[in-house]
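Report on the structure given below.
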C-alpha cells in the first residue's frame with residue numbers, strides 16, 4: 001500500500017471517523033482506523049461494534065492495499081505534520097511509514113484482515129431528509145433520553161414513520177420530548193436509534209437546507225449516508241413506551257409566555273438548588289402574572305413574569321433541570337404552557353403548531 | 001448597608017477577586033467575598049490566608065456597611081441577572097437582598113467581623129515595572145517551578161533585585177528558567193514569591209506598555225498594586241538554590257536554530273512517548289544538520305533540521321517535555337543551543353542577548 005495525500009484533508013477525514021473508535025474495548029484492533037487505498041480513494045473505517053463509520057476521501061494511490069493503525073497515534077501524528085504532501089506506505093515489516101518533508105515516522109500496524117466488517121445494509125427502506133431539519137429534530141429530542149442503562153430502550157430515540165410523516169420521541173420516565181415533521185415518503189417504520197448514534201450523525205451533518213441525509217432502516221440496523229460518509233448503527237431492541245397515551249389532550253390552564261424570559265427566570269431559580277438534589281422551582285399562576293420562586297438553606301428567589309392566562313389559577317412545582325433543558329431547545333420566541341392539575345404533567349408547545357411537544361412531570365409538594 | 005451598581009461592573013470585580021477564594025478551607029467564611037460599601041465605593045476582598053485580593057469599584061452607596069457572602073453563589077446570581085441596575089442591601093435578619101427588575105434574591109450572609117483582615121504592608125521598598133514586561137517575565141519563568149510540595153521553596157519564583165536590575169528564576173531540579181531585566185531602581189531585595197501568586201497577578205494585569213504594576217516587598221509579604229486592585233501574598237521561606245553556580249559559563253558545541261522548527265520537531269517526537277514515562281528525544285548534531293529522533297514500542301520518528309554548528313559534534317538526549325515547555329515561552333525566532341558534554345546541561349538562549357536562559361538537564365543513555 002502506498003499513497004500521497006493532503007494532510008488537512010486527512011485530518012478532516014480522521015475527525016469524521018474518530019468518534020466510532022472504541023475507547024474501552026478489550027480488542028486492541030478496535031482502537032484502530034482501517035485504511036484502504038483503492039482506485040483514487042482512501043477509505044477510513046472505524047467501529048466499536050455498536051456504531052461504525054465509513055468515510056471516503058480523495059488520495060493519490062500509487063499501490064492499493066489496506067492496514068489498521070492506532071487511531072489516536074495516527075491522528076496526533078498527522079495533526080502535527082507541516083502543511084505539505086504526506087506519503088504513507090506499508091513496509092515489508094508491516095510498519096507504516098509516514099513521510100512529510102524531512103520527517104519520517106514508522107509506526108506499528110495491525111493486520112487489516114482482523115478488522116471487523118461493518119454490517120451490509122440493503123438500501124430498500126430509504127428516507128431522504130433535509131439535513132437542517134434532521135439536525136433540529138435530533139437536538140429537540142435526544143437530550144431527553146435516559147442516561148443510565150437500567151432501561152436500555154430509553155437511551156434511544158423512537159423514530160416513527162408513516163405516510164408523509166416522521167416523528168421522533170425520547171423519554172426517560174420524568175419527561176417526554178416529541179418532534180413531528182412532514183417528509184416525502186410512503187414508507188412505514190418504527191425503530192429505536194441509540195442517542196449516541198444520533199449525536200454522531202448530528203456532528204457529521206454540515207450541510208444546509210438543500211443537502212439531505214439518506215436513512216435506510218432494516219430490522220436490526222440503521223444506515224445514515226451524508227456525502228462521502230456512511231454511519232451504520234445497531235438499533236435498540238425492545239418495546240418503546242406508548243407515548244401517545246401519556247400526552248394529555250386537554251388542559252385546564254393555559255398560559256402564553258416568552259420563552260427566553262421563562263428560561264432565564266428558571267435558570268436563576270435553579271442557582272439556589274444544591275447539586276444532587278431535586279432542584280425545585282415553583283410556579284404560582286394567576287391572571288396576568290406568574291410568580292416563579294425557589295428556596296433552599298442558601299436563601300430564596302422570587303420573581304414575576306407577565307403572562308396571558310386562559311383557564312384556572314394554579315400552583316405547581318417542577319425539577320428546574322427538566323424545564324431548562326426543554327426550553328433551551330425550543331425555537332419559538334413565545335410558547336404555551338398547559339396544565340391540568342398540579343399532579344398532572346405540564347406541557348410546553350409552540351403557539352403556532354403542534355410539531356414540538358415537551359411533557360414534564362411535576363413534583364408533588366406537601367404545601368404550596 | 002445598601003447600594004446600587006451596574007451588574008457588568010460587579011461581575012468584572014467578582015472575577016478579579018474570585019481566584020483568592022479558598023476552595024478547600026475548613027473555615028466557611030473563607031469561601032466568601034467580603035463586601036464593604038463606603039463613600040461612593042464598593043470594596044471586594046477575598047483571601048485563602050496565603051493570597052489576598054482587595055479590589056475597589058464605583059457604586060452608588062445609599063447606606064455604608066459590610067457583609068460577607070458565599071462567593072460562588074453571589075457570582076452565579078449576579079451573572080444571571082438582566083442588564084439593569086442592581087440594588088443590594090443587608091436586611092435586619094442578616095439576609096442579603098439582591099434586587100433587579102422584578103427579581104428578588106435573599107441569601108444568607110456571614111458576619112463581616114469574622115472575616116480575616118489582609119496583612120498591612122508598609123509601602124517602603126517599592127518597584128514600578130511596566131505590566132507587559134512583568135507579564136512576560138512571569139510567563140518565561142513560572143512554568144519551571146516545582147509542582148509538588150516536597151521542596152516548597154521550589155514552588156516559587158526567586159525575585160532578585162539590585163541596582164537597575166530585576167531577575168526572576170524558577171527551577172525544579174531538572175531545569176532552570178532565568179529571566180533578567182533592567183528596571184529603574186536603587187533598591188536591593190531577594191524574595192521567593194509563590195508561583196500561584198504570580199499566575200494571579202499575571203491574570204489581573206491587563207494594561208499595555210505604559211501601565212505599571214507597583215510591587216512592595218517586606219520580609220514576609222509582597223504587595224502588588226494594579227489600578228484599583230491590591231494583591232497581598234505570603235512569601236515562601238527558606239534558602240533558594242544558588243542558580244549562578246549551576247549555569248555553565250562555557251560551551252563546546254553551539255548551534256543556531258529556528259525556534260519554531262525545533263519546537264514542532266520535538267512535539268512530533270514526543271508523540272511516541274507514553275504518558276508517565278521519561279519522554280526521550282535524541283539530538284544528533286553534526287555540521288549543518290541536527291537529527292532529532294525518538295522511539296518507543298509504538299514506533300519511531302526521525303527528522304533533520306538545518307543548523308549552524310560552532311564547535312564539536314554531539315549526541316545528547318532530553319526529556320522532551322522540558323524542551324517543549326521552555327521553547328514555548330521563548331520570544332526569539334532564532335536561538336542558540338549550547339552544550340558541553342552529553343552529561344552536562346543544555347542551554348537555550350536568544351542569539352541577541354543574555355536576558356533569557358533556559359537550562360535543561362540531559363538524560364544519560366546507555367547507547368546513542
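Quick note: the coordinates plus some simple rules give every number you see, no bench work behind them. Since this is a predicted model, take the numbers as computed values, not measurements. Cβ coordinates were reconstructed from backbone atoms using ideal geometry, including for glycine residues, and neighbour counts include every protein chain displayed.
Here are a few things to note about the model shown:
- Distance cut-off 26 Å, percentage of C-alpha pairs in the stretch B:126-243 lying past it: 11 percent
- Those residues of the stretch B:176-196 whose amide nitrogen sits under 17 Å from the label point placed on residue B:239, 7 Å along Cα→Cβ: B:190-192
- The share of Cα pairs per 5 Å bin across the stretch A:47-189, counted from zero up to the longest distance, runs 2, 7, 12, 13, 13, 11, 10, 9, 11, 9, 4, 1, 0 percent.
- Two-decimal Rg to Rh for the stretch B:2-114 - Kirkwood Rh, Cα set: 0.93
- Average Cα contact separation per residue, the stretch B:133-187, under 8 Å, 6 or more apart, as relative contact order %: 33 percent
- For residue A:128, label point 7 Å along C-beta direction: distances to other copies, nm: 7.3
- Using the Cβ-Cβ distance between residue A:72 and residue A:312 with R0 set to 51 Å, the FRET efficiency from 1/(1 + (r/R0)^6) comes to roughly 0.30.
- Label-to-label distance for residue A:300 and residue A:331 is 4.1 nm, based on points extended 7 Å past Cα in the beta-carbon direction.
- Pairwise inverse Cα distances across the stretch A:202-259, averaged and inverted, put the Kirkwood hydrodynamic radius at 15.6 Å.
- Between the stretch B:175-200 and the stretch A:111-183, the Cα center-to-center distance that results, in Å: 59 Å
- Based on DSSP H segments of at least four residues, each scored -39500 (n - 2.57), chain A has a per-residue ellipticity at 222 nm of -5000 deg cm²/dmol.
- Taking 0.36 nm per residue of sequence separation and removing the Cα-Cα distance, the residue A:79/residue A:91 pair yields an extension gain of 2.1 nm.
- Size of the stretch B:174-216 as Cα extents on the principal axes (Å, biggest first): 36, 28, 18
- Against the empirical curve 2.2 N^0.38 Å, the C-alpha radius of gyration of the protein assembly as shown lands at a ratio of 1.19.
- The convex hull of the Cα atoms of the stretch B:207-325, projected and averaged over all directions, covers 12.1 nm².
- Packing order of peptides B:30-38, B:42-50, highest average first: B:30-38, B:42-50 (average count of other Cβ atoms within 10 Å over each peptide's residues).
- Kirkwood-based shape ratio for chain A, expressed as Rg/Rh from alpha carbons: 1.08
- Spacing of the two label points (7 Å from each Cα toward its C-beta) at residue A:62 and residue A:104, in nm: 1.3 nm
- Average beta carbon contacts from partner chains per residue of B:71-80, 10 Å cutoff: 3
- Acute angle (nearest 10 degrees) that the helix B:259-270 long axis makes with the longest principal axis of chain B, alpha-carbon atoms: 90 degrees
- Distances, shortest first, from the label point of residue B:62 to those at the same position in the other copies read 7.9 nm; the point lies 7 Å along Cα to C-beta.
- When both the stretch A:297-343 and the stretch B:1-56 are represented by their alpha-carbon centers, they are found 34 Å apart.
- Here is the size of the stretch A:64-145 from its Cα atoms: Rg then Dmax, 19.6, 51 Å.
- Placing a label point 7 Å from Cα along the Cα-to-Cβ axis, residue B:163 is separated from the same position in the other copies by 10.0 nm, shortest listed first.
- Evaluated over the Cα positions of the stretch B:264-368, the convex hull gives a direction-averaged projected area, one quarter of its surface, of 6.7 nm².
- The Cα-based radius of gyration of the stretch B:24-66, divided by its Kirkwood radius, gives an Rg/Rh of 1.06.
- Of B:55, B:358, B:302, the one that fluctuates the most in a GNM where chain B has Cα springs shorter than 10 Å: B:302
- Of every Cα-Cα pair in the stretch A:235-286, the percent that sits beyond 12 Å: 79 percent
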